[in-house]
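The values are calculated or read from the model by the stated rules, or taken from the named source; none is laboratory data. Source: prediction; values computed, not measured. So basically every Cβ, Gly included, is an ideal-geometry build from the backbone, and we count neighbours across all protein chains shown.
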Amino acid sequence: MKRRKALRRRRILALGTVAALIGVFVAALLLNGVFDHALKELTLPLRHEDVIRQQAEEKEVDAALIAAVIYSESKFSDQTSSAGARGLMQITPEAAEYIEKRSGGTTFRLSDLSDPELNIRYGTFLLRELLDRYDGDEAAALAAYNAGPGNADKWGGAGLTVEEIPFPETRAYVEEVLEKREEYRRRYATELGYARVP
């Protein structure tokens, strides 16, 4: 009986020690920001921020909007859709050829859309063009990015509100991009160039 009590006390003491060590480890991670960074990467990833900042400045498009489009299109993972759209910003081959001609390029190959820098450059070019087409109306530009300019024009073009988008998938897409833009602005202010490190 005494032996069992002593054994139980040792187990409780060992468990308490392990719990204390885990607590110290978690506290160290929290203090170093490792946990916060890992949580941000899981819930709201950000990669290629240098390219995003550069394209945002060059094409005068909100960096957080670019990041939010990438998040909504691919979650920052290079992929090809069933419709043939490719890369981080899901550029279709037809859109890529159009952008190549409009931007003065002559060496484009379809495989280039897997290159994050080129894909972000083309996607931002397209965003800028759509924002210009719809007089800066982000809802219309995003609806056109998702469902095509023909649909966005049919739904009202410049002045289109999110609520007026009749396709549930496109409406959800526009809502998500606009919501994620605010999150990117708030959570990655320094990385996206909104706040400068002293």
For this session: Sort through ASN119, ASN151 and tell me the only one that's among the polar types (S, T, N, Q), modelled with pLDDT of 95 or more and buried (at least 16 other Cβ atoms within 10 Å of the Cβ).
Result: ASN119
Exercise. Any chance the range 100-112 includes a residue that's within 21 Å of the chain's Cα centre (by Cα) and in contact (Cβ under 8 Å) with a residue 60 or more places away in the chain?
Worked result: no
Problem set entry | Options THR170, THR190; residue that is hydroxyl-bearing (Ser, Thr, Tyr) and surrounded by fewer than 19 Cβ atoms within 10 Å (Cβ to Cβ) | THR190
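Residues checked against (1) aliphatic (A, V, I, L, M); (2) at positive phi:
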residue	(1), (2)
GLY84	no, yes
PRO93	no, no
ALA96	yes, no
LEU113	yes, no
GLU117	no, no
LEU127	yes, no
ARG133	no, no
PHE167	no, no
LEU192	yes, no
Problem set entry | Complete set of residues in the range 86-99 that are modelled with pLDDT under 95 and buried (at least 18 other Cβ atoms within 10 Å of the Cβ) | ALA95, ALA96, ILE99
For this session: Output the number of the condition that VAL69 fails; it satisfies all remaining conditions of (1) β-branched (Val, Ile, Thr); (2) assigned to a loop (DSSP other than H, G, I, E, B); (3) buried (at least 22 other Cβ atoms within 10 Å of the Cβ).
Result: (2)
Exercise. Does GLU138 satisfy the criteria of being more than 16 Å from LEU126 (Cα to Cα) and in contact with a helix residue (DSSP H, G or I) (Cβ under 9 Å, 6 or more places away or on another chain)?
Worked result: no
